[in-house]
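Visitor: There's a structure below that I have some questions on.
The values are calculated or read from the model by the stated rules, or taken from the named source; none is laboratory data. Because the structure is a prediction, the values reported are computed rather than measured. Counting neighbours? That spans all protein chains shown, and the Cβs are built from the backbone with ideal geometry, glycine included.
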């Protein structure tokens, strides 16, 4: 059931980065390089179900300072499916509670011969700080509201699987834009590949200033809906909000939830994405979440493929340096 | 130290289930199929100490919503000894705390290319619900007070190793029957294989209605003791009880604890089982727990063998479908 | 990337122990045996970065009852780099909370076919108790303030890499001696190999009674500093102290912190060790921690090598018995 390593060749010359910190700094060629590698890994492993040995002997460490099952598990599985070992560090029970600095913790992990540190932290820029201090590779798994590059990549991969070309598509990010690292990573990636991006939500969650990133701002989903090829329904992150940004969940759902009625007014082949975990009945009704336009579970599988591609690329680039 | 895969053949034709949800629905042939497979794995691996590669490339996920060291570890080890990867999901830190439904969490796990979900949940029927919703295999590791099929199987395997035939044996389940999924799984399995089963304990923990399952009900251990071939001493599950079911631990121990005096009045070759963790001095005194009639630690080793057999069978059946 | 097993030969005849409980009982030959094996593993694996298969099919279990990231991870990685499986048991969520005794928990783990139990517990002697009760190997990863043998060994290994011979060196252990298992393990190991050991700190943390172990006691770092070849700066373990052993952190740092001024009065080739996690600005200033005399991160890498050596030796000795 194991795949021949020789099927996976050298990492492409266009990829020279030993870290993946964000999508903002990636060129279109680099984005396509990751996306193509992810497709290759997905195909070579029967939908990410089989195991390779391209990273045999390597160790990837998850250094997560925010709760996560999905992303943490996806990275751990991606590492193992490449033949690497995966290690979990959690904030609780760690040396940080004994007064050690964050950088010292990371340097200690690196000194144990770790090849890749996958980091999630509520402070924007944390992965960038680590990348400056460590010789091993650093992958950003979410730095506060800043970036979540593998989420952006898996969203784009999923669109690309169904539409081939990103150029010319209209993609709307709907909902909680202000707290969303997923929105930022999607915007950088989608724009770079030629898509038109709309951010849409209540004005308390979507500032006019987003226009500075070259995206269209809308406060009315029903207005933009007929133009959209793709909807990406961002989760209302109740846990990040100190004040209520809208009068009630019911009112939010009335104005922005994707439901059967709205679907009837959308393009026939509209794609519905959601980064999950989804709040059924808030951003999306169950019939739409489980309907034929929804690619939510494909996103999960593609997440594994993207993380396999990213770990392979950053390890390869680091070896070459 | 690795075993040749060719030693382990195809899964037997009698086994067609891709899930193991309970022992109630298993035929005698299916029960014997699991038990024989477990014996084969135990022998092929030097008492479950060595590693096979029959499930290489597969991934088994533990989805436990109740505290467990023993069963969770036993399943993880069983998966690894078959060459599979084992992943742990815990209730805390998971997406459930972000408002995701249980089924969505499970479907997300499945979309990561998981082959078997091993689930423990306090709600009876949870594994059955998952089995309806998922394409991967589901193994019940305990659903509230309903069933704990691998525990029942390992108890029966241990008896069978010492007595060959279950038919004709008298097996007493002693103690906290009402809260016990272990009791239910034992009853279904033992009855199907022809044993006579007695449930015995204080009337607050043993209802007359158990007779409807075809078992004998007793409130007096000393009465039934001379007839018993096997005693399975169920743990008093203090953590599941909101009211005290008996006046004092001392009184319980006086009436139901297996101790030296009672052992003297039992058959010479009586077998003492306990699913553990044991409360020394409550269900069993230390001299009996550590004595020659006790097979408590053999049960632990057999648990590993049973779980290897179950994971192998459900994966094989799933492949064949 | 995998190393040929044949490169690693038989375990040396001098090593006959199936447990590592402390350094107090080890002869100089046994200490050198572990240190040499660690150097061999470090070299054979490119600085502990590559994977061997000398313990393929074996399983090492971490049974930690005190918070630890560093040591727990180091043992888990060491096991995996030798090709073994590593399992984690934590105190929370375990059967101990259901009333099981510590020995029963350990015997259950052993019955699952575990080869080595690595134990950390706040009670001195816990690993020794386990070693009496279990047939598998037991490694002490810290028993209260008593011993932490792999920490002592990695400290000594680091000194030996830079100075070849321990005999004739003067090594000062500075700081929180009274709560320190690291101090005890260092003292036994260093003395046995011929080093002169000084313990130095405030009188509330360093008793005169340490002289009974054959070490020099000092309350004034500046007095002894010019004579020292090595300083091992023990962490002030705020979490183990119920009363404040000194007026203020600032006062402690003034008298005992290793800083630029003190470094200027020390031997040119002084080595600065710290078992970590370090409190920057308390035991050590950042410029010294990150300076050329500091070998703090080498200690982390050597910790992995020492643990690989120890797991290999105790497993080999257990097989031979």
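Visitor: Taking the stretch C:166-177 only, how many residues are in contact with a helix residue (DSSP H, G or I) (Cβ under 7 Å, 6 or more places away or on another chain), under 23 Å from residue C:143 (Cα atoms) and crowded, with 24+ Cβ neighbours inside 10 Å?
Guide: Result for the stretch C:166-177: 4.
Visitor: Could you figure out which of (1) under 18 Å from the mean Cα position of the chain (by Cα); (2) more than 14 Å from every other protein chain (Cβ to nearest Cβ); (3) touching a residue at least 24 places away in the same chain (Cβ under 8 Å); (4) surrounded by fewer than 18 Cβ atoms within 10 Å (Cβ to Cβ) isn't true of residue A:33?
Guide: Here residue A:33 meets the rest and fails (4).
Visitor: How many of the residues in the stretch C:272-293 are buried (at least 17 other Cβ atoms within 10 Å of the Cβ), outside any helix (DSSP H, G or I) and within 12 Å of another protein chain (Cβ to nearest Cβ)?
Guide: Number of matching residues: 10.
Visitor: Which pairs turn up if I take residues in the stretch A:218-246 that are not assigned by TED's automatic domain parsing to the domain that holds residue A:161 and look for partners that are at pLDDT below 95 with beta carbon separation below 8 Å, at least 6 apart in sequence or on another chain?
Guide: none
Visitor: All but one of (1) within 14 Å of the chain's Cα centre (by Cα); (2) touching a residue at least 60 places away in the same chain (Cβ under 8 Å); (3) outside the structural domain of residue B:255 (by TED's automatic domain parsing) hold for residue B:173; which doesn't?
Guide: The failed condition is (3).
Visitor: When residue C:111 is evaluated against the numbered criteria (1) within 9 Å of another protein chain (Cβ to nearest Cβ); (2) at negative phi; (3) in contact (Cβ under 8 Å) with a residue 24 or more places away in the chain; (4) more than 23 Å from the chain's Cα centre (by Cα), which criterion, by number, is the only one it fails?
Guide: (3)
Visitor: For residue C:102, state whether it is touching a strand residue (DSSP E or B) at 6+ places or on another chain (Cβ under 9 Å) and either within 7 Å of chain B (Cβ to nearest Cβ) or at pLDDT 90 or above (or both).
Guide: Against the criterion (touching a strand residue (DSSP E or B) at 6+ places or on another chain (Cβ under 9 Å) and either within 7 Å of chain B (Cβ to nearest Cβ) or at pLDDT 90 or above (or both)), residue C:102 does not qualify.
Visitor: Ok, one more. Being under 21 Å from residue B:307 (Cβ atoms) and not assigned by TED's automatic domain parsing to the domain that holds residue C:186 narrows it down to one of C:58, C:120, so name that one.
Guide: C:58
Visitor: Test residue C:170 against the stated conditions and say whether it is within 19 Å of residue C:220 (Cα to Cα) and touching a strand residue (DSSP E or B) at 6+ places or on another chain (Cβ under 7 Å).
Guide: Against the criterion (within 19 Å of residue C:220 (Cα to Cα) and touching a strand residue (DSSP E or B) at 6+ places or on another chain (Cβ under 7 Å)), residue C:170 qualifies.
Visitor: Tell me which of these residue A:125 doesn't satisfy, since it passes every other one: (1) touching a helix residue (DSSP H, G or I) at 6+ places or on another chain (Cβ under 9 Å); (2) closer than 30 Å to residue C:283 by Cβ.
Guide: With (1) touching a helix residue (DSSP H, G or I) at 6+ places or on another chain (Cβ under 9 Å); (2) closer than 30 Å to residue C:283 by Cβ applied to residue A:125, the lone miss is (1).
Visitor: Collect the residues in the stretch A:294-321 that are away from every other protein chain (no Cβ under 14 Å) and crowded, with 18+ Cβ neighbours inside 10 Å, keeping them in residue-number order.
Guide: Answer for the stretch A:294-321, where residues must be away from every other protein chain (no Cβ under 14 Å) and crowded, with 18+ Cβ neighbours inside 10 Å: A:309, A:310, A:311, A:312, A:313, A:314.
Visitor: Kindly list, by first and then second residue, each pair from a residue in the stretch A:65-92 that is more than 8 Å from every other protein chain (Cβ to nearest Cβ) and within 21 Å of residue A:125 (Cα to Cα) to a residue that is modelled with pLDDT of 85 or more and in a helix (DSSP H, G or I), limited to pairs with Cβ atoms under 6 Å and residues at least 6 apart or on different chains.
Guide: A:75/A:307
Visitor: Go through the stretch C:138-165 and give me each residue that's out of contact with any helix residue (DSSP H, G or I) (no Cβ under 7 Å at 6 or more places or on another chain) and part of a helix (DSSP H, G or I).
Guide: Once the filter is applied, which keeps residues that are out of contact with any helix residue (DSSP H, G or I) (no Cβ under 7 Å at 6 or more places or on another chain) and part of a helix (DSSP H, G or I), the stretch C:138-165 yields C:159, C:161, C:162, C:163.
Visitor: Taking the condition touching a residue at least 60 places away in the same chain (Cβ under 8 Å) and within 14 Å of another protein chain (Cβ to nearest Cβ), does residue B:49 pass?
Guide: Against the criterion (touching a residue at least 60 places away in the same chain (Cβ under 8 Å) and within 14 Å of another protein chain (Cβ to nearest Cβ)), residue B:49 does not qualify.
Visitor: Can I ask one more? Look at the stretch C:71-85 and say how many of its residues are farther than 13 Å from residue A:114 by Cα and surrounded by fewer than 24 Cβ atoms within 10 Å (Cβ to Cβ).
Guide: Within the stretch C:71-85, residues that are farther than 13 Å from residue A:114 by Cα and surrounded by fewer than 24 Cβ atoms within 10 Å (Cβ to Cβ) number 4.
Visitor: Here is a follow-up. Has the stretch B:178-186 got at least one residue that is away from every other protein chain (no Cβ under 14 Å), more than 26 Å from residue B:290 (Cα to Cα) and surrounded by 15 or more Cβ atoms within 10 Å (Cβ to Cβ)?
Guide: For the stretch B:178-186, residues away from every other protein chain (no Cβ under 14 Å), more than 26 Å from residue B:290 (Cα to Cα) and surrounded by 15 or more Cβ atoms within 10 Å (Cβ to Cβ): present.
Yes/no matrix, rows are residues, columns are (1) under 29 Å from residue B:36 (Cα atoms); (2) within 23 Å of the chain's Cα centre (by Cα):
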| residue | (1), (2) |
| --- | --- |
| B:204 | no, no |
| B:217 | no, yes |
| B:258 | no, yes |
| B:280 | no, yes |
| B:294 | yes, yes |
| B:301 | yes, yes |
